[in-house]
Amino acid sequence: MLKAGFSKVCISPPIGVPLAGFAAREQTSTGIHDDLFARALVLQTSKSAVALVSVDLLALPRDFIQRVRQTIHESTGLSPEAIMIASTHTHAGPVTITTFFNPDETVDSHYMSTLENGIREAVTDAWRSRFAARVGVGIGHVEGVGVNRRSSNQKPVDEQIGIIKVADVHGGTRGVFFNYACHPTVLGPDNLLVTGDFPAFAIKNIEAGIGPDGFAMFVNGTQGNISMGHSSELSAIGVITPGRTFARAEELGNLLAAATLEKLESIETDADPRIESVAIPVRLPLKQYPPGDETAKLLHEAEENLASLVSANGDNTDQLRRAQSEHLYASITDFYAKETKVFADGMLPIELQGIRINDATFVAIPAEVFVEIGLHVKEKSHHPMFIVGIANGYIGYLPTKAAHNDGGYEVVSSKCRPEAEEVLIKNVLTLEQKLFDASP
């Protein structure tokens, strides 16, 4: 009864475009190390259908997602709330969203139009190429890829790999969807080559492991404070730490691929799965910012202080780095003060989306959620649950309440108040209940 289809479309930008992800990166791209793709997997039963889409990009705005969903609906008949579009969060793709860390970045409307067509084409091609299939969900484990960059002992991390296995009617694996929580930031602000970072290497290895026509796609998890250990603040101001190489990205991608392939064989598949999709509106409490003229004044003062230190040619690196961080933080605060003015009630509307496959749930959240929140939700859920981060929009970081007390880059870069953690957890568990209470 199940039909499945998959497809991918190249979305690599022209050489010479700015790359998104690091405020300190001033030069434009000089080449393409590996192509970027929009990848789509569709699953259809006699009662429902869903589309899972992954794009090798930093993030996408909510209004763009809504527009693309509508065009996909017109092409395939798929319900917009049954279409999940997630960004892998590579920091070496084109600028597709104006962000808190670099508000002067401009989005190329021509590229965005091409991207919209590419995503629609990937899903439409997947829909047209459906075949009789079987599907199953499993959990793999991997060590040594992501670490907690805000913790002295580099923990906690989420070592789970959420895996959707798509097989033909004879049980032969045809496609793999895998979910893992970690920033794809092996490559730093000094890298000027377009790349999907370590997930690109993992995808390549998994597809090779499946066979000549193998298909794989990656989506991120609760990676807000998970990376390879590089300081987010130092990266943001342009400090290059050792180990940010393609060789390291390949090493980590290979680890993730090996763990995924190892689990793949033992995942049982079903020709008649239960598939459901639900989307619910949620409102998160916003921080209260000073008036725009005040934040603009503080930003101007931070700019002047930084400029004076640079012109003095001093060798006090610590003092210069503090000034760079203060300027970065002032820029973020000024950006959010202006952006959040439109929310007069102090609440930020987002969408939570859940897709159920038999007993497992994949929940899309448009944020960089801290891993502790993801682990807590998994512990409280009544069924296997996987969080897909940076999906169906982008609101920035969503730290834990405890992290707000510690401050730092991710906390300054969050526009939500500490209570947002509790609101999010409550609504994710409500979403799970809706999925499993749904009528057949």
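The values are calculated or read from the model by the stated rules, or taken from the named source; none is laboratory data. Fair warning: this is a prediction, and the values are worked out from it, not measured in the lab. No Cβ is skipped: glycine too gets one built from the backbone with ideal geometry, and neighbour counts run over all protein chains shown.
Considering only residues in the range 411-432 that are of a type in the set (D, E, K, R) and assigned to a helix (DSSP H, G or I), the one that is nearest to residue 68 (Cα to Cα) turns out to be 432. Look at the range 225-241: where a residue is farther than 14 Å from residue 147 by Cβ and a partner is aliphatic (A, V, I, L, M) and crowded, with 21+ Cβ neighbours inside 10 Å, sitting 6+ places away or on another chain with Cβ atoms under 6 Å, you get 236/23; 236/328.
Results for (1) part of a helix (DSSP H, G or I); (2) touching a Cys at 6+ places or on another chain (Cβ under 7 Å); (3) more than 15 Å from residue 125 (Cβ to Cβ); (4) modelled with pLDDT under 95, shown as yes or no for each residue.
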| residue | (1), (2), (3), (4) |
| --- | --- |
| 46 | no, no, yes, no |
| 50 | no, no, yes, no |
| 53 | no, no, no, no |
| 65 | yes, no, yes, no |
| 71 | yes, no, no, no |
| 75 | yes, no, no, no |
| 81 | yes, no, yes, no |
| 85 | no, no, yes, no |
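For residue 187, the stated conditions do not hold, so it cannot be described as at pLDDT 95 or above, surrounded by fewer than 24 Cβ atoms within 10 Å (Cβ to Cβ) and among the hydrophobic types (A, V, I, L, M, F, W, C). Remark: pairs (first residue in the range 289-305, under 16 Å from residue 328 (Cα atoms); second residue in a loop (DSSP other than H, G, I, E, B); Cβ separation under 6 Å; 6+ apart in sequence or on different chains) are absent. Residues in the range 383-410 that are outside any loop (DSSP other than H, G, I, E, B) and within 27 Å of residue 84 (Cα to Cα): 385, 386, 387, 388, 389, 391, 397, 398, 410. Do you know which of the residues in the range 252-263 that are of a type outside the set (A, V, I, L, M, F, W, C) and under 13 Å from residue 200 (Cβ atoms) is surrounded by the most Cβ atoms within 10 Å (Cβ to Cβ)? Restricting to residues being of a type outside the set (A, V, I, L, M, F, W, C) and under 13 Å from residue 200 (Cβ atoms), the top hit is 253.
Of the helices (runs of 4 or more DSSP H) lying entirely inside the range 213-311, those containing at least 3 residues that are touching a Lys or Arg at 6+ places or on another chain (Cβ under 9 Å) and either of a type in the set (D, E, K, R) or over 22 Å from residue 415 (Cβ atoms) (or both) are 246-264. Out of the residues in the range 339-355 that are acidic (Asp, Glu) and in contact (Cβ under 8 Å) with a residue 24 or more places away in the chain, state the one that is farthest from residue 85 (Cα to Cα). So, considering only residues that are acidic (Asp, Glu) and in contact (Cβ under 8 Å) with a residue 24 or more places away in the chain, the one farthest from residue 85 (Cα to Cα) is 339. When the range 164-202 is limited to residues that are of a type in the set (Val, Ile, Thr) and farther than 28 Å from residue 94 by Cα, the one that is nearest to the chain's Cα centre (by Cα) turns out to be 164.
Within the range 89-142, if we keep just the residues that are of a type in the set (Val, Ile, Thr) and assigned to a strand (DSSP E or B), the residue that is farthest from residue 222 (Cα to Cα) turns out to be 135.
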